[in-house]
Amino acid sequence: MGCNYLLNFHQNEEGKLLLPLKCLVSIDCYDSTEVRDAVAASIEQSLYALALSGTDLRALDGVTVSSDARKAACILQSLPDGAVPLEMSDQPETMELARTVAVRRESELRFHIVLRAGLGLMTLSAKPEEQALACGCLAHEAAHVEHEGHLYKTFPDIYGRTLDCGDRSRQTFIKALDVWSEYAACRSSAEYRPEALGDFESAFCLALDGSRSASRRWIESFRDGGRATDTFREIQQAFGDAFICAGYLFGHLHGLELHEPQEGTAARQLLSENPSVAAVIDRLGRVLHELWLSEFAWKSIDVFAPIYDLICEMMALYGMAFARHGDEWRIVMSDEASGTPALRDFLFSKAKAQ
């Protein structure tokens with residue numbers, strides 16, 4: 001049995017806090033009325049605390065606590081049964097605890113936070129580590145509300161319709177936007193859970209290794225008679241996800257006023273062993289920092305093109321490049337065992353020349 005709690009903010013302080021006038025907290029995953037009431041009160045206190053710390057939550061639609069966060073998010077977005085949103089693949093050794101989705105309310109787009117049932121209970125935990133995890137996750141999702149709300153105000157046409165990417169691959173360009181989204185949310189919320197840095201470094205290493213092995217696997221499959229469209233889609237997905245994990249990592253590093261993975265960490269070791277990859281990732285960090293500094297001066301969605309170009313460069317390092325000619329994609333692939341800048345440049349030239 002679920003329950004809805006209407007939170008009325010401002011009351012006698014309208015405009016003083018960066019909160020919506022009101023929002024709904026929906027909880028459908030606990031049998032106990034006392035637990036539902038306590039979780040709702042904890043969420044309300046957290047929203048007030050985040051707003052007082054400077055997080056802009058005026059674009060917040062509401063909060064849902066559910067045992068199936070993905071299903072709840074799809075319902076909020078009015079996705080048909082069986083439809084799968086374009087998002088990251090499930091990452092090994094990680095569990096999604098929360099997500100933020102865009103929802104249409106009359107003529108306006110707002111942003112709704114969805115929390116897993118376990119995270120809701122962690123807000124009540126007496127264990128400091130669980131409290132810290134819950135606080136960090138809520139702060140991260142609140143940061144999504146802030147930055148996605150700003151992005152919507154700046155470029156309202158990119159939501160709720162097919163994104164016009166010109167001659168770029170729509171799949172990879174959306175990944176580029178997602179890299180920024182996670183970078184911004186992590187940078188804004190890093191101080192709430194500094195110890196998460198190790199988790200983000202591990203996730204980045206796993207995703208980068210996974211993308212390279214996936215590229216080799218899909219190119220081999222193509223050479224054995226597989227479909228080029230499948231290879232094209234899956235390699236974009238793998239490297240796009242690796243860059244999103246890099247966005248998480250750089251966001252947390254920069255939020256803690258660190259510039260790069262520290263000596264002795266797995267991420268630093270992995271990059272030191274792969275200079276060509278390290279050069280691309282290092283440039284990504286600089287691009288993301290520049291986007292952060294210029295966020296309120298963006299003029300077009302082309303500000304995300306440098307991220308897109310770096311994802312394409314990384315894919316070419318590991319065997320696939322592509323270019324668009326009219327309505328047709330021209331794809332070239334190499335099953336070379338290791339990526340080099342020379343291979344990257346060769347593949348790009350072949351894709352454009354075909």
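Expressed to the nearest 5 percent, the antiparallel share of DSSP beta bridges inside the chain is 65 percent.
From the helices alone, meaning DSSP H stretches of at least four residues, give me the mean residue ellipticity at 222 nm for the chain, per-run term -39500 (n - 2.57), in deg cm²/dmol to the nearest 500. Working shown, then result.
Numbers: 11 runs with 188 residues, N = 354.
That comes out to -18000 deg cm²/dmol.
When Y318, Y183 are compared by accessible area of protein heavy atoms, the largest-first order is Y318, Y183, using a 1.4 Å probe.
Computed about its Cα centre, the charge dipole of the chain is approximately 820 debye, with only Lys, Arg, Asp and Glu carrying charge at their Cβ.
For the chain, the Kirkwood estimate of hydrodynamic radius, built from reciprocal distances between every pair of different alpha carbons, is 21.5 Å.
Give a quick list of trypsin sites (Lys or Arg not before Pro) in the range 169-251 that DSSP marks as loop, anything other than H, G, I, E or B, with at most 13 other Cβ atoms within 10 Å. Provide the component values of the computation, followed by the final result.
Details: sites: R170, K175, R187, R212, R216, R217, R223, R227, R233; in loops: R227.
Sparse-neighbourhood loop trypsin sites (Lys or Arg not before Pro): R227.
Taking θ as phi - 60° and the Karplus parameters 6.51, -1.76 and 1.60, the scalar couplings of the range 164-174 work out to 7, 9, x, 8, 8, 5, 4, 4, 6, 5, 5 Hz in sequence order, x denoting glycine and proline. Taking max minus min of the alpha-carbon positions on each principal axis, the range 267-312 gives extents of 38, 20, 11 Å, largest first. Per residue, the chain exposes 49 Å² of accessible surface when a 1.4 Å probe is rolled over the protein heavy atoms with every protein chain present. With 27 Å as the limit, the listed pairs K71/K175; K16/K71; K153/K175; K22/K299; K22/K153 have K16/K71; K22/K299 beyond it between alpha carbons.
The values are calculated or read from the model by the stated rules, or taken from the named source; none is laboratory data. Predicted, not measured: the structure shown is a model, and the values here were computed from it. No Cβ is skipped: glycine too gets one built from the backbone with ideal geometry, and neighbour counts run over all protein chains shown. The protein model used for the area step is the full one, side chains on, heavy atoms only, and it has no ligands, DNA or RNA in it. Shrake-Rupley method; radii C 1.70, N 1.55, O 1.52, S 1.80 Å.
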